[in-house]
Structure formats: C-alpha cells, structure tokens
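These notes are about the structure you will find just below.
The values are calculated or read from the model by the stated rules, or taken from the named source; none is laboratory data. Since the structure is predicted, the reported quantities are computational estimates derived from the model, not experimental observations. Don't worry about glycine lacking a Cβ; one is built from the backbone with ideal geometry, like all the others, and counts go over all protein chains shown. Each accessible area value is taken on the protein alone, full model and side chains, heavy atoms only, with ligands, DNA and RNA left out. Shrake-Rupley method; radii C 1.70, N 1.55, O 1.52, S 1.80 Å.
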Amino acid sequence: MQKLLQLPVNAVNIVKGVQGVTQGQEEALSPVLTPDSGPQNWYSAVQPEELRHLRSGGTETLRASLSQSLCPESIAVLLNRHDDLKEMLDSNKDSLKLEAMKRIVAMIARGKNASDLFPAVVKNVACKNIEVKKLVYVYLVRYAEEQQDLALLSISTFQRGLKDPNQLIRASALRVLSSIRVTIIVPIMMLAIKEAASDMSPYVRKTAAHAIPKLHSLDPEQKDQLIEVIEKLLADKTTLVAGSVVMAFEEVCPDRIDLIHKNYRKLCNLLIDVEEWGQVVIINMLTRYARTQFLNPNVNESLLEENSEKAFYASDDEEEEDKKAEPATLAKRKPYVMDPDHRLLLRNTKPLLQSRNAAVVMAVAQLYFHLAPKAEVGIIAKALVRLMRSHSEVQYVVLQNVATMSIKRRGMFEPYLKSFYIRSTDPTQIKVLKLEVLTNLANETNISTILREFQTYIKSMDKDFVAASIQAIGRCATNIGEVRDTCLNGLVQLLSNRDELVVAESVVVIKKLLQMQPEQHSDIIKHMAKLIDNIQVPMARASILWLIGEYCEHVPKIAPDVLRKMAKSFTNEEDIVKLQIINLAAKLYLTNSKQSKLLTQYVLNLAKYDQNYDIRDRARFIRQLIVPTDKSGALSKYAKKLFLALKPAPVLESPFKDRDHFQLGSLSHLLNAKAAGYQELPNWPESAPDPSVRNVEIPDWSKCSSRKDRKEKKVEKPFYSDSEGESGPTESADSESDSGSGSASASGSDESGSGSESEESGEETESDEEEEDEEEEKKKRKKLDKTKAKKQAEESAERCCIINFDQFDMNKITSVFSQTLAPSGSIKMYELLHRIKGEGLAVEYCFSRQPFSPEPNMVAVQIQFTNNTNSETKNLHIEDPRLQSGMRIREFAEIDVLAAGESVTVVMGIDFCDSTQAANFQLCTHTRKFFVSIQPPVGELMTPAFLTENDFKKEQGKLMGMNEILEKLTLGEKCVNEHVIVERVTATANLSRVPCGSDKEFAGKTVSSGCLVLVTVTTKEGGGAQLTVNCEKMLIGTMLVKDILQALSQ
C-alpha cells in the first residue's frame, strides 16, 4: 500500500485511461441489454470465461502502457492491489468471504473506489451465509447503477432473494433491484414492489415504499399502478412504514389529497411513534393537507390584525385610518369553531416540540405558525430558543425562521430577548441574523436596552458585523420615532471614529434618516460636507454628495465649494461617485448658476470622454436637459421640477418581511427563491370542506344486539343452514319441520324393517300379526320421542353459542367463567424453604390463580407453613423486602404460634409489574431469619379474560406485526386429542378458552397492567401444529411461547 501511494500522478492517470478503454471494450463486446437496445438474450450474454478473457486482455494493455514509465515493481503493485480480496471472495470458506466483504465495505465507507471488484462480489450474491449475503447486497446497492450490465446477469438471483425467509435479504434484494436503472426491467421491479407491499415484514414494506420513487423517476408511465401501491401502504398501521410511504406519496402524487382522507386520523395518532425522519415528512405533508381542509383559525383576528397593534412598518397616519375603520371591521367578525380533526393535529404534534431532533422541532414550529390560532402559537418560541444552543448550522436555519416569525408574531419572542444577544464566539452570519431578530423585537419599552447592546457591538473587530449593527440602529430609528434623534446623534458621533468603514456606513444610514426631516438637521449636513476629504469609501462619498445636492438650498455656501473640490479629483473617483458629482453639478446649475456655471460645464466635459458609457450617457443627457439651446426639447423647461422634486423618505425594511409566502423550514424560505421541487403552501379555503370524508367505518360484529341483526348483516353466507338462516318468527316452524322430517325418516326405516319381518313370518296367524303391529307402534313412539329430545338438545346447544352477551354485565360473569374455564389439573407447588435449611420449618408456595381481593393488580401467592419440629414456632412474618423498581408486596398477617407437627396456609399478594423477576424478602420467626425469593413463571402473571369469538378476532387484529409471534411445532405423543392440548395450555398459563372458537383459542390479560394475551393453537395433519401468541408486551409473548412449546412437545 505504501508503494502504491508513492507512485507518480501520471501513473494513476494511465491506469484510469486504460481502465476506461478496457471497460469500453467490454461494453462493445457484451450484448447485454441497455435502455436503448431491443430485446436480446441478456441472460446468456457474457459467461465467466469471457469476462476473464476481457480482464486479462485489459491487464495486458495496462501492463504495456505502464512499462514505458514505471518500474516492474510498481506495475505489480498497481495491477495486483485487489488480488487478495478476489482470492478471498473466490474461496470456499465463508469466513474468508465475510472478512473480504467487511474490508470492501470499509473501503467504500472511506470513499475509495471498489467498482473493479464488482464481478468478484456479484458471484457471491447466492452465498448461503446470511452475513456474507447482507454485505454483498450493501455493495450491490452502491455499484448496481454504475455496473448495470453485470448486475443484470444476476437478476434471477435477486428475484430469488425476494422469496428469502430472512426479511433483511428480501429487503436488500428489492433495494438492489430498484437501483438498476434499466427500463427493460421495469415490469420486474413493479411486480417486486407489489409483492413487497403485501409482505408480512414491515421492514420489507418500508423498503417497497422507498423503491416507489425510484421506479417513478425511471418510468413515469407507471404512475397509476404506483398510486395503487401507495394507497395500499397508506392503510398500513405500522409506524415503520408510515414515514416512507408518505415520502413516496409526496414524490409521486402530492396532489392526490383524497388518498389521505381515510388515513388522516391514523397518521396523526401514529406520529408520536414514527422515526424522526418520517415525522418531518408527515408533518410537512399534513401542514399542506390542513391548509386545504380546514378554515383559517385566525380569520377573525386577521380582520383586526392591523388595528390591534401598530404595524411594524406603519406610519402614524395609517394608524389613525385603521382606528376609524375598526367599528366596521368588528361588524364582520363571525364566530369560529375549530374542526376536531384540526385540533387532533395540533394536539398530537405538540409533544414533538420536546424532540431531540432539530428538524422535527422546526417542522412542528412551522406547522403551528401556519395552522394554529394566534393565541397558541407562542408555545413554539421556547422550543426554538432551545435549538439556538445547538451547532451553528442549526442556529443559522432556526434564526432564519425566527426572523420571519418575529415580524408577524413579535410578542411571542419578547420574553426571550436576551437569548438573542450576540456572543463574541458567534460566526458572522449568526451575528447578523441575531441583529435582525433584535431589530424586529424592538419597541418603545425595550429600545433603550437594545441600543446599549448595539453600541457595544460597534466596537467589534468584525467589520461586516459592525456595518450590520449600524444599519440596525438606522432601522430602529426609522421604526420608532421617539428615539430617532437619539440614534441620529449617536451616528453623528460615529463620524469621528478612526475606522473608515464605521464612518462610511454611518454616513449611508444618516443620509436615509436625514431624508425624513432635512430642515431640522442642516448642521449635520454641513458636518458631513467637511468629512468629504477624509472619507475614501465610494458609497459614503456618493451619499454625502447626494445629500448636499438634494438639500443644496440649506447649505448654499458650502455646496459650490464641495463641487470645486470634486471637479479636481473627478478623473480619479469611482463610477458611483462620478455619477453623484454630475448630479450635484446639475442641481447647483439650476439653483445657483452664477457660481457653478463654469464648474458644471467643466465637469460635463470631463464626463463626456469618460471610459464608462453610463457616465458618458448621463453627461450628454444632462447637458441637453439643463443647458438650453436651439436643439433642446420641451423637457428642458421642466428641468428644475425633474431634478429638484420632493422625494419620499426611504423605508428601512427587514429583508425577511416578504419571506412568509414560502413555507417555513423549507429550502426555498432559506434561499428566498423557489427551489426545485418546492410545493406552494395552499391558501385557506373560504368555506369548510366536508369533514365526513375522513370518517372510517369499522364493522364490529360484537355490537349486534340480537341474532336477527347478525343475520341481516351477513346475508350472503348464513352461519347455519338455509332453514335456520331465516328470520326469527319462522324459527319454530323450521324446528318443527326438522323434527317432522326426522320422524318421517324414522318411520320409514321402521316400516322397511317391519316389511322384512312380515316376509319371514308369513305363516303366522292374523292375531299374532296384530300383536306385532301394536308392539311396532309402541317402538315407533319411543323412537320418535328420542328423536325429538335429541333435536331439542342440539337446538339448545346452538342457542348457547349465540347468546347475546351484550345483555349481561361482563364484569359480574367474568369471574364465574374464569373459574369454570380454569385448568382442572392440580396446582403445582414450589419449595420456598426446605425443612433442613429451615431447621424443621418447611415452607411451600403456589399460585392459587384466584383474585387477590385487597388489590386486584397483585398476584395471589398461597404459602403453606409446616412445623416439623417438636416445639412451637412463633411470630412468623416477613421483613426487609428487596424488590425491583415498581414491584410491590402485600404481606400476610403475622402468625403468632404454629404448633409442633401442624400446618397453616396464608395468602400474600405480589405485584410483579408483568416481569418474571424474583421478589426477595426475609422470612422471620422468633429466633431465626431466612432469605427466600419467589420467582413466578410467565404464565402465572396472567388472569383469565372472557372474550367472545368476535371479540377475540377483533383484538387479535389489533395486535399484529411485532406484537404477534408465530411458531410451528410437532405435538407430543400424549397430545392426541383436543382435551389434552387445552389442559396443557391452561396448566402452563392462567388463560381461559374462548367458547365456540374454530381453533383452540385462549385469552387472558396480565394482572399488573391488564394487557391482553391471546393464544391460538391450530392443529394440522401429521401431528403438526402452529402456535400464535399476540401480546402488546413482546417479552411476555416470547417467554410464553417457549413455555407452551415445551408443554405441547412433551
């Protein structure tokens, strides 16, 4: 490696050139599909032997080129620098391949080019080692777009990867496939995205959402199909997918607001749990959505916005006019009621102001600024001030937005005025933005404090910052009339400053201030005229000349002398100063031609031959305008009105005044120009759109109040037979017809039997036949009675399955069902203290699975004490409980005396906080203390929960994705029937079986937090089964799966 670094630059250039030639040869020889080529047999294009031949040919060419300028040792270093990695990738050992891939990925991370290893890496895409395959896909994602031809050779392997059991491999295969920018595989990519959108893994669905914009940019004609996939993914309830699919929505079809209607409330509720990148994307999208679907909450305030307080740049006359218009504006006010969905968005985004991510806080701040009522916007100020303690880059973006907000919402930042004071360590751009904010926040109450700060800033060594500070003083003087004279006097004092830049900037600002009241400040104009010899900054000299020319009537003696001095140095001045000298000469010619006529002609003659065409044109124009001749036009009569007309005083405005038409936090707002891809913030609608479009109907079968309602809701496929699927009044008739058909069949069978008997007894007498007929009639009646009884029993069983539980109080009957459906097996006893260790005192405990009446959130633990000694044991109690955080214990009452040979049972309660951590405590007698601990199995942390079949399915649907664990198992030899399976599951966990379930379904909830635990055992042919556990607490679900698997496998 050291030898390679020592190679001359021309060697590296030769290597790059020859590699380009070799690559061109490979592309010329390879008939692989390209975006512009027609359909060819790309799958048989280039075989490994051909690739080796091409590589060897290229190497020979490279060797011949390098031999002319390098020694053989350097050539070997260049050509064989990656041979060791290629050998490791061709090895049969997965450990060597893994090490090689780690080194290659590390090279990519350091910014080094590893594209020449593509053929060696792509061969390992079919490697069986998962770790190697992951790193190969990482490499392919980086170089698939550059090496499209070779990537296409492995496309069949990528398609097989889409079916891999490992979700990471499936996602990586889709990511590589979408990175191959060749239009011919667009159908394959579309099919892969559609399949991935229906994948069980949310990570794969997230990758599918990422692939949608890539496919859309490759082939925009697929937009309609991609919108269907986006619509499907928008309905996904997983937080992992939400941010990615909204990003795809913004890239592909941002105008399809109708796709958001049904998912609006879901996105608002999921927002707090989405990753930070997704939160920013969703908030920006919902901001635009809300501006089209809700009314302006400040519609009434906006009518009086200019009347409630004086506008920042308004004059006194405008303020008086606004006060006159205030009564008419009040009459236009209408009551405003906020849409509940609008309030939902504001409420769910408010906690994100405390996010650690600055982008999230900024996104919420812009949402509140654009959507929230004026009274509620103030809460974002504290969060934005907090961001100013971050890096300078973050401060710059935040201050840009604060500067815009502080113009319209000045009041919300006033309490944090000191947070915008400037530190000496701040970069210049941060200082200038803080000055902007301080100037916007200035008012009559805090202006004295702010001006003292500005005086300190003028002493800084940063010249750009000093200039900005002087401009800020000028803006404060313009906006607040009370301090205008004070600021002007302070700026005049700065004219004696030693720093020329400070003086120059002061002159420019004073010039703008003097335009407001020039009559009162003629002394200042005279003082500035005296500085014309000392000031060398062109802008400052030009400002002084403009002031003297504009108000030459106030300084009639000084103005001609200034023109004389300027005429001497005219040829050496800057262009901007020359233009003002010409203007000064023209104005003096019109007002005091006696003293300045010759000077004016001299200046115009100098300007006539100047190098700058602007100055030459200006001189010719002014000469024809002010010096009347025969050829002069009609304008020369109005020269004095043109040059000496009253000019309006300049308004010193903030550069951020008009930036609020861009969405805050966007790149366009930062640049103050519309950036590519920027979407305009919609205007508020005049009338509220229909809010019902956001309503989502969820069918809930458990809410049906009767059997008749259930049948009406599901007419296509009745739960029972056709005769039973009818309405209630015909139910009795159906049962009668059924019983009638049963009796008819029974009689038919009996008749056939009697017929056979009559054939065999054909020789008997008629009396015998009559007796036999009577006996047969009796038998028929008995069979008919049995048939009716059996039918009634079946009907009663069916009615049990369809009892309307909504008519009962579930809280009262849950305990009854939990006891009746509890496991019938014996309760397992655990040893707490052995009789030898306890010196004759033996202690056992069990989990009684009964509610602990003092505190329902505690697990009831039944403890049995046995005294195996010949003497009494006294004062049995608990001391010094050592519990994990959150756990609690309810001690049993102290046992005063336990006689020799006797036993006693007590019950204590322990809140394990839904964990299997042990509860440690001391078991004490009157003589000894024993350290003991009770550790519960995960199945004892639950209590049975009674659910109907419909409730079970509904709750199970809510606990999908990461809250669901699926395991396949082989049932043990003893698990031969349903009864054994139910017994073992209920013995392992304190659950109750769901009645009338199609599978073996069990339900319960954790004792401490009440989280639902749902278990389903589905048996299959051949002794196989599938165990499904749904639980909000994944740790409990994982441990429960292990215990049930062990119980059913025995």
Dipole of region 577-699, positive end: most advanced residue of Leu642, Val693, Leu625 [Cβ charges, Cα centre]: Leu625
Shape parameters for region 478-617, alpha-carbon atoms, Rg then Dmax in Å: 15.2, 49
Net dipole in debye of region 930-1050 [+1 Lys, Arg Cβ; -1 Asp, Glu Cβ; about Cα centre; nearest 20]: 120
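Show me 366-376, 941-951 ranked by packing, highest mean number of other Cβ atoms within 10 Å first. Intermediate results must be reported in sequence, preceding the final value.
Working: 366-376: 18.7, 941-951: 22.5.
Those peptides, ordered most packed to least, come out 941-951, 366-376.
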Inter-part distance where region 281-295 and region 145-176 are each reduced to a Cα centre, Å: 37
Estimated dipole of region 87-245 in Debye, rounded to 20 [Cβ of Lys and Arg +1, of Asp and Glu -1, Cα centre]: 500
Furthest towards positive pole of dipole, Val394, Ser460, Ile480, structure part region 374-520, Cβ charges: Val394
Peptide ranges 1030-1037, 216-223 listed from the most packed, as the mean C-beta count within 10 angstrom indicates: 1030-1037, 216-223
Rounded percent of accessible protein surface that carbon and sulfur make up, region 380-521, 1.4 Å probe: 48
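Hey, got the dipole for region 891-983? About the Cα centre, +1 on K and R Cβ, -1 on D and E Cβ, debye to the nearest 20? Working shown, then result.
Values: 7 positive and 15 negative charges, 52 e Å.
Computed charge dipole of region 891-983: roughly 260 debye.
May I ask you to derive the relative contact order of region 379-504, considering only C-alpha pairs under 8 Å and at least 6 residues apart, and to give it as an integer percent? Walk me through the numbers before you get to the answer.
Working: 116 pairs, mean separation 22.5, N = 126.
It rounds to 18 percent for region 379-504.
With every protein chain present, what is the per residue accessible area of region 918-970 (1.4 Å probe, Å²)? It would help to have the intermediate numbers written out before the result.
Numbers: 2470 Å² over 53 residues.
Using a 1.4 Å probe on heavy atoms only, each residue of region 918-970 averages 47 Å².
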Å² per residue, accessible surface of region 121-196 at 1.4 Å: 39
Accessible carbon and sulfur surface of region 544-682 relative to its total accessible area, %, 1.4 Å: 54
Of Lys123/Lys1020; Lys408/Lys512; Lys374/Lys459; Lys512/Lys568; Lys214/Lys382; Lys163/Lys954, pairs whose Cα-Cα distance is over 32 Å: Lys123/Lys1020; Lys374/Lys459; Lys214/Lys382
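Would you mind putting 111-123, 907-919 in packing order, based on average other-beta-carbon counts within 10 Å, highest first?
By packing density, highest mean first, the sequence is 907-919, 111-123.
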15 Å beta-carbon shell around Lys828, net charge (K/R +1, D/E -1): -3
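Of all alpha-carbon pairs in region 863-930, indicate the percentage at a distance above 18 angstrom.
Values: 963 of 2278 pairs.
Within region 863-930, distances greater than 18 Å cover 42 percent of Cα pairs.
Roughly how compact is region 423-530, stated as its Cα Rg over 2.2 N^0.38 Å to two decimals? If you can, show how the numbers build up before the last one.
Values: Rg = 13.5 Å, N = 108, 2.2 N^0.38 = 13.0 Å.
It is 1.04.
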